[in-house]
Amino acid sequence: MELGSEFRSRIEEWERLSRWERSELGKDLRRLGLSYGEIMVLIPVKKSTLATWCRDVRLSEEQVRAIRERTGSREGIPRDTNRRRRTEISLVRIDALSQTPVLMTDHLWVAGALLFWAEAPRHGIISRWQTPIPVPCVCSFNGSEHT
């Protein structure tokens, strides 16, 4: 989509624009039918800020269709946005499982881990929902086994 000279000059003056003028420029670009991603390429603004500025701007069906054609909309296609995080978590779990047989024989380590899981949420280190799922373990106290 080709922008007029007025928009180009306003974009070049971005650093000198007031906060209100910046928001108006963002709204005007949206009214032209640009997607948030296309606008973010033109002006240095976060998507959340842009969405706030443009919440009252309504695009026509034709503009929405044009955005989908230009950007190759992935509507209906699931996106794997957490793939890297899940891979990292999986590697940490594999590493932890490989260390478990050795660590489970150390009664002080087991006691420390249990105390951490019980106390960490109270001290704001991790939330109650982030605590690991308890893994059944066998602990020996005074010669008797407990699970």
Problem set entry | Among the residues listed as Lys27, Lys47, the single one being of a type outside the set (A, V, I, L, M) and in contact with a Gly (Cβ under 9 Å, 6 or more places away or on another chain) | Lys47
For this session: Quickly run through the stretch 50-69 and pick out the residues that are within 20 Å of Arg10 (Cα to Cα) and in contact with a Gly (Cβ under 8 Å, 6 or more places away or on another chain).
Result: Leu50, Trp53, Cys54
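Residue-by-condition table, conditions (1) of a type in the set (S, T, N, Q); (2) under 28 Å from the mean Cα position of the chain (by Cα); (3) within 18 Å of Thr71 (Cβ to Cβ); (4) at pLDDT 90 or above:
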{"residue": "Ser5", "(1), (2), (3), (4)": "yes, no, no, no"}
{"residue": "Ser18", "(1), (2), (3), (4)": "yes, no, no, yes"}
{"residue": "Leu32", "(1), (2), (3), (4)": "no, no, yes, yes"}
{"residue": "Leu42", "(1), (2), (3), (4)": "no, yes, yes, yes"}
{"residue": "Val57", "(1), (2), (3), (4)": "no, yes, yes, yes"}
Exercise. Has the stretch 8-22 got at least one residue that is over 30 Å from Ala111 (Cα atoms), aliphatic (A, V, I, L, M), surrounded by 12 or more Cβ atoms within 10 Å (Cβ to Cβ) and touching a Ser or Thr at 6+ places or on another chain (Cβ under 9 Å)?
Worked result: no
Exercise. Are there any helices (runs of 4 or more DSSP H) wholly within the stretch 5-104 with 2 or more residues that are in contact (Cβ under 8 Å) with a residue 12 or more places away in the chain, and if so which?
Worked result: 5-12, 19-31, 36-42, 47-53, 61-71
Problem set entry | Leading residue by the ranking (surrounded by the fewest Cβ atoms within 10 Å (Cβ to Cβ)) among those in the stretch 88-147 that are modelled with pLDDT under 65 and among the polar types (S, T, N, Q) | Asn142
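The values are calculated or read from the model by the stated rules, or taken from the named source; none is laboratory data. Worth saying up front: this structure is predicted, and the values here are computed from it rather than measured. Don't worry about glycine lacking a Cβ; one is built from the backbone with ideal geometry, like all the others, and counts go over all protein chains shown.
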